[in-house]
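Undergrad: Next up is a structure, given as structure tokens.
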Amino acid sequence: MATFLFDKIIFGPVKSRRLGVSLGINLLPVKRKICNFNCIYCECGWTGNIEKSLSHLPGRKQVYEALEAKLSEMKSKNQAPDVITYAGNGEPTLHPDFPGIIDDSIILRNKYFPDARIAVLSNSTTINKPEIKASLLKIDQNILKLDSAIKSTIETHNQPRVNINVKKLIENLAAFNGKVIIQTLFLRGTHKGKEIDNTTAVEIDAWLKAIEKINPSEVMIYTISRDTPEGAELKKVPLAELKKIAALVDSLGIRTQVSG
Ligand code: SF4
């Protein structure tokens, strides 16, 4: 098993399977993961001690300077990104200056590549905070995780370190009034000797009801594609099955994007 941690604030541009040519921003420490989830499929590996890692966060000025230097270099090479993406070594909205950093990014995007989108990949745990929600409403692609609408499944797949009230989470996602993209990772296999699968009929039924209530602009449906901390115990869901799930979402009149 070889999981991966970013060793810089700015990474790429890379060709992302879901987003296009993406310039990545890692607001978490380099070579260290900070997240309040500990997903069994996380490409960054298992979550460690959050408190110990918080002191290693890059400062707002440092992020601004790194992003400006990269965008300026890309401009001089006529190398436009499709999207500037907040992802990296964990949950970007945990950075205490996240709202200010988003404001800076919008200024820099408008200065260098006004046609580029700004995207945030988040695990949805902080959307109850007004300042985080306000920032996510300012960007072009607010991509929020919902791997299941069943609490016990979230507890197994995402191993949250915060309390998740699923009903409230779905209400908060719906409160974006469609200015949200839902990302759902489907997988099956075993975890601690127990069978897991978020594609069963019961799972899909509950998840679809949640999607209908949230009414997002799009649903990104995908499965594992790289090494996971759980290793060989986790299996990809075949593309044909992902497409069947997508067809159910399409029938609600909601756009989907599938990557197998
Ligand atoms: S939410 Fe994202 S960063 Fe956090 S553990 Fe899950 S996959 Fe990893």
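The values are calculated or read from the model by the stated rules, or taken from the named source; none is laboratory data. Treat the numbers as computed from the prediction; the structure is a model and nothing was measured. Reconstructed Cβ throughout: ideal geometry from the backbone, glycine too, with neighbour counts over all protein chains shown. Keep in mind that these areas ignore ligands, DNA and RNA; they rest on the heavy atoms of the full protein, side chains included. Shrake-Rupley method; radii C 1.70, N 1.55, O 1.52, S 1.80 Å.
Undergrad: Under 13 Å from the Cβ of K133, count the other residues' Cβ atoms, weight Lys and Arg +1, Asp and Glu -1, and hand me the total. Write out the running numbers ahead of the final one.
TA: Values: positive: K129, K138, K179; negative: E131, E171.
That works out to +1.
Undergrad: To check you understand DSSP bridge types, tell me what percent of the beta bridges within region 139-260 (both residues inside) are antiparallel, rounded to 5.
TA: Working: 7 of 21 bridges.
Approximately 35 percent, going by the DSSP bridge assignments.
Undergrad: Still on this structure: For a 32 Å ceiling on Cα separation, which of these pairs sit above it: K138/K235; K8/K145; K61/K243; K168/K236; K31/K111? Provide the component values of the computation, followed by the final result.
TA: Working: K138/K235 36 Å; K8/K145 24 Å; K61/K243 43 Å; K168/K236 29 Å; K31/K111 30 Å.
Beyond 32 Å: K138/K235; K61/K243.
Undergrad: Here is a follow-up. List the cysteines of the chain that have no other Cys Cβ closer than 4.7 Å: which are they?
TA: C35, C44
Undergrad: Counting only other residues whose beta carbon sits under 14 Å from that of H191, what net charge do I get with K and R as +1, D and E as -1? Display every interim value, and only then the final one.
TA: Values: positive: R188, K192, K194, K235; negative: D147, E155, E195, D197, E230, E233.
Once positives and negatives cancel, what remains is -2.
Undergrad: Sort region 1-85 into rounded, prolate or oblate with this rule: let a ≥ b ≥ c be the square roots of the eigenvalues of the Cα gyration tensor; rounded if a/c is under 1.5, and if a/c is not under 1.5, prolate when a/b is larger than b/c, oblate otherwise.
TA: On the way: a/c = 2.93, a/b = 1.49, b/c = 1.97.
Oblate, since a/c reaches 1.5 and b/c is not below a/b.
Undergrad: Something else: Can you tell me the FRET efficiency between K75 and F4 if r is taken as the Cβ-Cβ distance and R0 is 22 Å, rounded to the nearest 0.05?
TA: On the way: r = 28 Å, r/R0 = 1.29.
My answer for the efficiency is 0.20.
Undergrad: Report the full-extension gain for the segment D227 to E212: residue separation times 0.36 nm, less the Cα-Cα distance, to one decimal in nm.
TA: 2.2 nm
Undergrad: Next question. Points 7 angstrom from Cα along the Cβ direction at K111 and R255: gap in nanometres?
TA: That separation, rounded to one decimal, is 3.0 nm.
Undergrad: Ok, one more. Given a 1.4 Å probe, how much area per residue of region 1-138 is accessible, in Å²?
TA: 45 Å²
Undergrad: Which aspartates and glutamates, if any, have their Cα less than 18 Å from the Cα of K129, not counting same-chain residues under 8 positions apart?
TA: Excluding near neighbours in sequence, the set is E91, D97, D103, E171.
Undergrad: Using the alpha-carbon centroid of each, what span in Å lies between region 122-185 and region 201-260?
TA: Using only Cα atoms to place each centre, the spacing works out to 15 Å.
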